[in-house]
1. Does Glu93 satisfy the criteria of being open to solvent by 20 Å² or more (accessible area, probe 1.4 Å), touching a residue at least 12 places away in the same chain (Cβ under 8 Å) and either hydrophobic (A, V, I, L, M, F, W, C) or part of a helix (DSSP H, G or I) (or both)?
2. Does Val129 satisfy the criteria of being among the aliphatic types (A, V, I, L, M), in contact with a strand residue (DSSP E or B) (Cβ under 8 Å, 6 or more places away or on another chain) and in a loop (DSSP other than H, G, I, E, B)?
3. Is one or more of the residues making up the stretch 364-377 open to solvent by 40 Å² or more (accessible area, probe 1.4 Å) and within 25 Å of Tyr280 (Cα to Cα)?
4. I'd like to verify a number: residues in the stretch 67-84 that are outside any loop (DSSP other than H, G, I, E, B) and either touching a His at 6+ places or on another chain (Cβ under 7 Å) or surrounded by 12 or more Cβ atoms within 10 Å (Cβ to Cβ) (or both), how many?
5. In the stretch 2-23, which residues are out of contact with any Asp or Glu (no Cβ under 7 Å at 6 or more places or on another chain), open to solvent by less than 50 Å² (accessible area, probe 1.4 Å) and closer than 16 Å to Gly252 by Cβ?
6. Taking the residues in the stretch 265-298 that are under 15 Å from the mean Cα position of the chain (by Cα) and small (Gly, Ala, Ser) as candidates, determine which candidate is least open to solvent (accessible area, probe 1.4 Å).
7. Looking at (1) in contact with a strand residue (DSSP E or B) (Cβ under 8 Å, 6 or more places away or on another chain); (2) surrounded by fewer than 16 Cβ atoms within 10 Å (Cβ to Cβ), which is the one condition that is false for Pro506?
8. What are the pairs with Cβ atoms under 6 angstrom where one residue, in the stretch 333-352, is farther than 18 Å from Leu407 by Cβ and in contact (Cβ under 8 Å) with a residue 12 or more places away in the chain and the other, located anywhere, is hydroxyl-bearing (Ser, Thr, Tyr) and in a strand (DSSP E or B)? Sequence gap at least six, or different chains.
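The values are calculated or read from the model by the stated rules, or taken from the named source; none is laboratory data. Source: prediction; values computed, not measured. As a convention, Cβ positions derive from the backbone with ideal geometry for all residues, glycine included, and neighbour counts pool all protein chains shown. Note: areas computed on protein heavy atoms with side chains; ligands, DNA, RNA excluded. Shrake-Rupley method; radii C 1.70, N 1.55, O 1.52, S 1.80 Å.
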Amino acid sequence: MYKRLPYGNSNFSSIIEGNYCYIDKTRFIGLLEDETNKYQFFIRPRKFGKSLFFSKLLHYYDMNREGDFEKLFGGLYIGKNPTPRRNSYAIMEFNFSGINTSSEEGFKVSFSRNVQLAVESFIENYRNVFTDTGGVLKMLNEKDSGIDALRVAYRMARSAGIKIYALIDEYDHFANDLIAMGNMLGEGVYRRMVRANGMVRDFYETLKIGTSDVLDRIFITGISSVMLDDLTSGFNIATNLSLKRAYNEMMGFTKGEVGEMMVATGVDPRHINVDMGMYYDGYLFHEDGENRVYNPSMVLYFFNQVLDEKKPPKNIIDDNLKTDYGRLQRLAQNERNREQLLSIVKSGGVVSDIISKFSIDRLGDTEYFVSLLFYMGLLTIDKFEMGSTFLKIPNYSVQTIYWEYLLHLTRELNGDVSVDLSAQKAAIRELAYFGNPIPYVGYVSENVFGRLSNRDLVRFDEKYIKIMLLNGLFQSRIYVPVSEMEVENGYIDIWLGRSPLLPDIPYEWAWEVKYLKKGEEGLLEGKKAEALGQLEKHRSSGRFKDRGDVRYAALLFVGKDRYEVVEL
């Protein structure tokens, strides 16, 4: 009997009791408990399993759930290796994901009410150990206590002789909303709320007061470090564990865990018609991490379709990723960040240190902007060498977010002049089904390159040409385009693999791209020979030997309006 797939389920007890497949990550509970600092931040990208881990901590440490310990944890690592603190706390939960950020006043009311409701739930949940619970709850509501309700909870816990474990989810929601909204509320709102005597700052300062006696542990999660610097002076007691090697795999699935889930849930490998690693794997949060991890939501999304349809799924990439495109677009509001994004796509990544904490004010600085992309999961660690960290785009699914961004950037460069996308689709069909690349290359030359201004031509090079060619191919969904695909004899500039949804496509393509500035026409034959030589090496590699369905072409561009296509 197969276990159920936990797609969309982040409630720990529901997963364990409902016969869902659970990838056992409970060994990390002990690691967290053994940390010297009991007040901890942990940052991971969106949809990376933070809510489930949050729920697991709640069920493990809640004193009210002591009787459920064996049922929930008995079959897991932590059930066989319990820690001294299990089921020993009163849990106080905060979740700031639903805060109203439509206006400054709306935020104040919403944030204050959120904190008060969390405290009221805390008091209600532990009415078995508190006295006069009803009277206290009535007083809190009549006074509309807001953040001051925390002090009441401390007094009650102190009188009852119990310790509190505070769990805070989406701690950075307010800052991320401001970023996502393009600072429509104004940067001053953030400063007034988080710094000086702002409401967010007051909350964390009041939280800190409780750590002197009754508030014994704190675990805070979010998707970025964008508020850590601003909170430091008011809440300087916590340690950021996000980049610590021991926790590299605490969230996300290793390759072995993906295989474990397939077996447990009955996912038929015959229905897996794509390279899952290419689409969903690649995340590394420490340069010495033992394993790269898959994005769990992406994997569960894919498996859910396989199990529902009993055949290869139509949609390999989750449409929810499009919301990340919107965030990316709004992050690149200034020219410096826009240039950085373009550089990342052209090079496949960037050399940059990862800043552990920073303020929203610094997002215009390249290093801070790149670090935010890392925390959001739009970049990840590739390698560390010669004293520098190279960050890369994690996988093909995330690459599509950048393609979406480039599509809109191209339209901006064209002055929002509409182009005939039906002609583009027809040209790509000609390429795929009839083996003729000329219509597509001509289309891009006329509708993209031909409309560039002299200012844009300053940055015009082979890499720029590649990403614009790739962008149109990505939009079509006919091919799965890959930049700089590694083969045994080097890297293919552009590889066009047939879409798994269209196995009848007769041709896959390997392209080498060369560019000469206007006036360098005399070098054309040399560039052509160089490209054909590279293609010959690719064709002779073991990967393509005896394959009659792969075709090889050199794409040569001179200036912005002249091109030549030569097939090997």
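1. On the way: open to solvent by 20 Å² or more (accessible area, probe 1.4 Å): yes; touching a residue at least 12 places away in the same chain (Cβ under 8 Å): yes; either hydrophobic (A, V, I, L, M, F, W, C) or part of a helix (DSSP H, G or I) (or both): no.
When the stated conditions are applied, Glu93 does not pass them.
2. For Val129, the condition - among the aliphatic types (A, V, I, L, M), in contact with a strand residue (DSSP E or B) (Cβ under 8 Å, 6 or more places away or on another chain) and in a loop (DSSP other than H, G, I, E, B) - is met.
3. Initially, the stretch 364-377 is screened for residues open to solvent by 40 Å² or more (accessible area, probe 1.4 Å), giving 365-368.
Keeping just the survivors that are within 25 Å of Tyr280 (Cα to Cα) gives none.
No, the conditions are met nowhere in the stretch 364-377.
4. Taking the stretch 67-84 and keeping what is outside any loop (DSSP other than H, G, I, E, B), we get 67-73, 77-80.
Still in the running and either touching a His at 6+ places or on another chain (Cβ under 7 Å) or surrounded by 12 or more Cβ atoms within 10 Å (Cβ to Cβ) (or both): 68-69, 71-73, 77-79.
Number satisfying all stated conditions: 8.
5. Filtering the stretch 2-23 for residues out of contact with any Asp or Glu (no Cβ under 7 Å at 6 or more places or on another chain) gives 2-22.
Imposing the further condition that a residue be open to solvent by less than 50 Å² (accessible area, probe 1.4 Å) reduces the set to 5-6, 9, 12-16, 18, 20-22.
Result: Pro6, Cys21, Tyr22.
6. Gly282
7. Just one mismatch for Pro506, condition (1).
8. Hits for this filter: Val351/Ser388.
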